[in-house]
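Contents: one structure, followed by commentary.
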Amino acid sequence: MATVNLKSSAGHLADPGKRMVAESMYAKGKSFLGAAVLLRRHGGDEYVVLHLICQGVEITLKALLLFKDYDHYWPRLRRPLGHNLIRIVTTASKESGLPPVSKDLATELEALNLLYSNHWLRYGTFRDILGRPDTIASDLTLHWIFAAICLADRDVAGKP
């Protein structure tokens, strides 16, 4: 059996490669969101559903930032943006002309961000015993991200 060793070097992607990376992230983000909807529909663990929603929002919006200006945003995906949904939504809204964030949506995002950025949706914690995940709101976030995707799909599809 042959073994292949690949080493990554500090190279630079050409514009078509940058677009392919952004397209890959965008597709993954939409798939996380689709998985969340299906899992919720079929009675899956609501904490996992919430995690998938948050991850889908994060990856989808980071991809939109890469479409906007890959060279500027690629080094910022981990820091300062990281897993902070508030920073990501705020940055993507400004840069990509996405729907405005209402006060109610901002409140919902803050609650989700606290859980997501601290990894409390992924791992077992006291919340699993004391809390009810179905009381954690996510509908406004889902409606907003799907509206953003509808707008973005037109832009993304129209670019070479």
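Say whether the condition of being of a type in the set (Phe, Trp, Tyr), part of a helix (DSSP H, G or I) and more than 16 Å from Ala147 (Cα to Cα) is met by at least one residue in the stretch 117-127.
No, the conditions are met nowhere in the stretch 117-127.
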Next item on the list: Would you check which residues across the stretch 44-83 are surrounded by fewer than 16 Cβ atoms within 10 Å (Cβ to Cβ) and either in a helix (DSSP H, G or I) or not charged (D, E, K, R) (or both) and list them?
Entry: Gly44, Asp69, Asp71, His72, Pro75, Arg76, Arg78, Arg79, Pro80, Gly82, His83
Notebook entry, point to check: Name the residues in the stretch 84-105 that are assigned to a helix (DSSP H, G or I), surrounded by 15 or more Cβ atoms within 10 Å (Cβ to Cβ) and either among the small types (Gly, Ala, Ser) or out of contact with any Gly (no Cβ under 9 Å at 6 or more places or on another chain) (or both), would you?
Noted result: Leu85, Ile86, Arg87, Val89, Thr90, Thr91, Ala92, Ser93, Glu95, Ser96, Leu105
Item checked: When residues of the stretch 114-160 are limited to those that are surrounded by 14 or more Cβ atoms within 10 Å (Cβ to Cβ) and more than 19 Å from the chain's Cα centre (by Cα), the one nearest to Val101 (Cα to Cα) -> Pro133
Next item on the list: Could you grab me the full set of residues in the stretch 113-147 that are over 22 Å from Ala27 (Cα atoms), among the small types (Gly, Ala, Ser) and touching a helix residue (DSSP H, G or I) at 6+ places or on another chain (Cβ under 6 Å)?
Entry: Ala137
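Computed from the coordinates by the stated procedures, all read-outs in this text should not be read as laboratory data. Just so we're clear, the structure is a prediction, and the values are computed from it rather than from any experiment. No Cβ is skipped: glycine too gets one built from the backbone with ideal geometry, and neighbour counts run over all protein chains shown.
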